[in-house]
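What follows is one structure encoded as structure tokens, with my remarks underneath.
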Amino acid sequence: MDFSKQLLNWYHVHQRELPWRQNKDPYRVWLSEVMLQQTRVAQAIDYFESFTRAYPTVADLAHAPEEAILKLWQGLGYYSRARNMHATAKQVTDKFNGVFPQTTEELMKLKGIGPYTARAVSSICFDSPVAVVDGNVYRVLARYSGGDLPIDSSQGVRHFAELAQRFLIQTDPGTYNQAIMEFGATVCTPKNTLCAQCPVQAGCVAYATGTVAELPKKSPKKPPQPLWIHYLVPVDPLGNTLLTQRKGLGIWEGLYTFFAIEQQSEGMDQKRIEAEVPLIWPGQTGAVSLLNTEPVVHRLSHRLIRAHFWRVAVKNSLPGGYTPTEAEKLPMPVLMAEWFGAQKNPYFWDSNYTP
Ligand code: SF4
């Protein structure tokens, strides 16, 4: 029996029961595919259930306020996914009358749907004969075939896309695509690979040559860039604070943060923050205190962030200020949400308090 049929047989017996596999509703399949990019299945399940409960149809999602979507998304990271997802839902609702297009080409015309998601949705929901290639598929194909082209090089991408398409079972593409992804996620895993239980072990080049742990290959990685962020936490005489929405600033676009001074290197002192206060909030001065001498460390895939929080007890009330309870409900980066969560001092928001 060949590789593809063996995987399909394996899948029929071993597939996990996942909420998005209950039916072939393209809205649910698409939602799960967006969530599963960069996110583990166990974590995605909770978010998937919250989203489908809050927004049972693509039209419900399209009509939701972006802030509510970002709040529900909080913790999943890569927030551009949530914003693009919202844009896609609006397009499907407004231009396609709430009905997802069926082909890869049409799906890719929607904002936020790339080749992978388009192929996944069109094969799983509409039986289009197109192979998907995600991280799991790269791993399985590289190991089984012994292919050592880096999977993040253009040559590697082309090679594995062709190989994936060659292995595809044209008569049942959706099930086959799910089978190879599931197999990569549960048997041919990055570590502790279950070769002893593998149905295709006999034909696997990596197993035969002892190179399982070395494949797939990737180009050498750049280290994450350091970023120091100094957050200014204003507290006005009413006990209110101020956060602003980040616009067009790359990471965390659309989320709310305290005013942030970002720099590529260490080094900040109280005098500089004091001098900044009237420039940031005209007419204001205030007592400045550093809240954490040790920075809060937060890692993103391409950034290593070290954050300091400075409390600024400003003299005058802040126009557009939020109560701490209102502020905490705004969509914000995890780094900020954790800071709010750890803020247990009942006097912190009292303007007369001195840390
Ligand atoms: Fe993957 Fe091991 Fe099976 Fe090869 S033998 S396909 S490395 S699980």
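The values are calculated or read from the model by the stated rules, or taken from the named source; none is laboratory data. As the structure is a computational prediction, the values presented were derived from the model and not from experiment. Cβ atoms come from the backbone with ideal geometry, glycine included; neighbour counts cover every protein chain shown. Surface areas here come from the heavy atoms of the whole protein model, side chains and all, with no ligands, DNA or RNA. Shrake-Rupley method; radii C 1.70, N 1.55, O 1.52, S 1.80 Å.
I'm trying to understand the selection: among the residues of the stretch 92-115, which are more than 21 Å from H63 (Cα to Cα) and either open to solvent by 50 Å² or more (accessible area, probe 1.4 Å) or small (G, A, S) (or both)?
Once the filter is applied, which keeps residues that are more than 21 Å from H63 (Cα to Cα) and either open to solvent by 50 Å² or more (accessible area, probe 1.4 Å) or small (G, A, S) (or both), the stretch 92-115 yields Q102, T103, E105, E106, M108, G114, P115.
If you take the residues of the stretch 207-244 that are of a type in the set (F, W, Y) and either within 16 Å of the ligand (Cβ to nearest atom) or in contact with a Lys or Arg (Cβ under 7 Å, 6 or more places away or on another chain) (or both), which of them is least open to solvent (accessible area, probe 1.4 Å)?
Here the answer is W228.
If we only count helices (runs of 4 or more DSSP H) wholly inside the stretch 101-206, which ones have 3 or more residues that are within 16 Å of the ligand (Cβ to nearest atom) and closer than 18 Å to L36 by Cβ?
Correct list: 135-145, 173-186.
Looking at the stretch 88-97, is at least one residue at pLDDT below 95, under 24 Å from the mean Cα position of the chain (by Cα) and either within 21 Å of K218 (Cβ to Cβ) or more than 16 Å from the ligand (Cβ to nearest atom) (or both)?
Within the stretch 88-97, none of the residues are at pLDDT below 95, under 24 Å from the mean Cα position of the chain (by Cα) and either within 21 Å of K218 (Cβ to Cβ) or more than 16 Å from the ligand (Cβ to nearest atom) (or both).
Yes/no per residue for (1) open to solvent by 30 Å² or more (accessible area, probe 1.4 Å); (2) of a type in the set (D, E, K, R); (3) part of a strand (DSSP E or B); (4) touching a residue at least 60 places away in the same chain (Cβ under 8 Å):
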site	(1), (2), (3), (4)
G254	no, no, no, yes
A275	yes, no, no, no
P282	yes, no, no, no
V312	no, no, yes, yes
G320	yes, no, no, yes
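Conditions: (1) assigned to a helix (DSSP H, G or I); (2) in contact with a helix residue (DSSP H, G or I) (Cβ under 9 Å, 6 or more places away or on another chain); (3) open to solvent by 70 Å² or more (accessible area, probe 1.4 Å). Q6 meets all but one. Number of the miss?
(3)
Which members of the stretch 217-252 meet the condition of being in contact (Cβ under 8 Å) with a residue 12 or more places away in the chain, part of a strand (DSSP E or B) and either aromatic (F, W, Y) or closer than 23 Å to V312 by Cβ (or both)?
Those that are in contact (Cβ under 8 Å) with a residue 12 or more places away in the chain, part of a strand (DSSP E or B) and either aromatic (F, W, Y) or closer than 23 Å to V312 by Cβ (or both): L227, W228, I229, H230, Y231, L232, V233, P234, V235, T241, T244.
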